[in-house]
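The values are calculated or read from the model by the stated rules, or taken from the named source; none is laboratory data. Since the model is a prediction, treat every value here as computed from it, not as a measurement. When we count neighbours, we look across all protein chains shown, and the Cβ atoms used for this are built from the backbone with ideal geometry, even at glycine.
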Amino acid sequence: MTGLGFWVAATGLAVAVAVVLGTALRRKDDGAAAPDADLVVYKDQLAEIARDLTRGTLAEGEAARLRTEIGKRILDADRARAAGAEQGQSGSGTLALVLIATLALPGALAGYWWLGAPGYPDMALGPRLADLDAGIAARPSQEDALAKADRSRDPGLDAALATELVAISDPAALRLSFQTRFEAGEMQAALRTIQRLQAVLGDTAEANDHALLALTLVAEAGGYVSPEAEVELREALSRDMGNEMARYLVGEMFLQGGRYDQAFRFWRPIADGGSSAPWVAYIREQIEAVAGLAGIPYALPDAVGPSGEDIAAAAEMTAEDRQAMIEGMVAQLSDRLASEGGSVEDWERLIRSLAVLERLPEAQTIYNEAKETFVGMGAELSFLRLAAVETGLNP
């Protein structure tokens with residue numbers, strides 16, 4: 001339907017509804033006037049009885065019976081008139097019709113103009129999903145994303161790395177070098193090292209090798225899942241469909257592209273499972289919202305969170321009290337990690353919480369401590385680095 005056709009149809013329907021409502025209201029007013037007309041008739045009938053009685057054409061007993069009957073009808077009509085008067089005190093049908101014409105119809109049109117999408121063409125679910133898929137397929141490359149974020153690679157460093165890495169053919173040495181460089185935040189060097197590892201391994205490269213290469217590309221681009229990263233993720237899943245790191249990043253790719261249904265499909269087994277991988281906490285925090293955006297009914301199993309009483313109490317707090325409560329929770333978590341330690345999810349949660357509170361220097365200190373806590377643990381450090389990149393810290 002064209003834009004003009006839509007407005008013509010919408011206006012026509014609105015006017016038709018207004019006419020129907022107005023007609024019903026006017027009939028109500030007409031019905032309220034009916035008892036007055038009945039009273040006039042009954043008064044005429046009483047006068048006619050009196051005349052007949054005077055002329056002698058009507059017996060006294062019959063006249064009394066007729067007066068009684070008409071009196072009952074007068075009482076009924078008077079009650080009906082009183083009820084109609086009470087109903088009319090709040091406004092007549094004419095006033096309601098005026099309000100509909102002057103406020104309701106223009107208000108409805110103005111509301112649609114503000115909240116709706118005038119001129120937007122009809123689009124079924126299939127075409128919308130196809131457009132989203134086309135947008136994902138046409139998204140910027142890794143190089144474009146790096147250039148836009150002012151993170152372009154250093155050609156001189158690439159040349160030096162090529163000379164260094166070509167002499168290394170031991171997979172174990174390459175893995176160790178990659179881990180060291182990734183943990184140090186040297187993404188370009190880590191990327192070239194993992195690429196050299198894949199070149200050495202050839203077809204024997206495992207799913208996790210491809211997933212680590214994709215993770216390095218994502219970290220290098222500040223969390224963006226590029227087409228080059230997608231290629232590695234597909235390779236990882238073709239070797240092991242259950243690889244959680246690859247599933248997590250594929251879900252993130254679909255999330256960035258607006259395909260919430262696909263993100264949910266890749267993340268649900270991770271959220272429902274009992275894995276202790278560092279990305280599980282992030283997925284469990286996001287997946288119910290992702291399911292809602294996809295229109296999928298879903299409740300996170302064994303979700304841990306505040307009780308209804310806690311939420312109700314927080315809702316009654318002032319902004320200052322809520323801020324104090326959040327600060328207290330962050331302080332408790334920080335103290336527990338300092339004294340007892342905790343999982344990588346706890347460290348990541350503290351880093352993000354401090355960033356939300358705009359306490360970035362403290363978040364940077366916590367991130368540096370977390371890196372020392374999980375030194376030598378590649379997956380955990382990768383997860384922490386993504387949190388640092390996404391919150392604006394120095395990885």
(message) Restricting to region 345-368, name every residue that is more than 27 Å from the chain's Cα centre (by Cα) and either aliphatic (A, V, I, L, M) or loosely packed, with under 15 Cβ neighbours inside 10 Å (or both).
(response) LEU360, PRO361, ALA363, THR365, ILE366, ASN368
(request) Quick one: which helices (runs of 4 or more DSSP H) lie wholly within region 128-187 and hold at least 2 residues that are closer than 17 Å to LEU215 by Cα, out of contact with any Phe, Trp or Tyr (no Cβ under 8 Å at 6 or more places or on another chain) and aliphatic (A, V, I, L, M)? (result) 171-183
(message) Can you tell me which residue is nearest to GLY378 (Cα to Cα) among those in region 210-243 that are among the acidic types (Asp, Glu) and crowded, with 21+ Cβ neighbours inside 10 Å?
(response) GLU220
(request) Name the one entry in ASP170, ASP154, ASP203, ASP150 that is closer than 25 Å to GLY257 by Cα and surrounded by fewer than 20 Cβ atoms within 10 Å (Cβ to Cβ). (result) ASP150
(message) Yes or no: region 352-366 includes at least one residue that is within 13 Å of GLY185 (Cβ to Cβ) and outside any helix (DSSP H, G or I).
(response) no
(request) Look at ILE351 and say whether it is at pLDDT 85 or above, assigned by TED's automatic domain parsing to the domain that holds VAL375 and not charged (D, E, K, R). (result) yes
(request) From (1) within 28 Å of SER177 (Cα to Cα); (2) aromatic (Phe, Trp, Tyr); (3) at pLDDT 90 or above, pick out the condition that doesn't hold for TRP279. (result) (3)
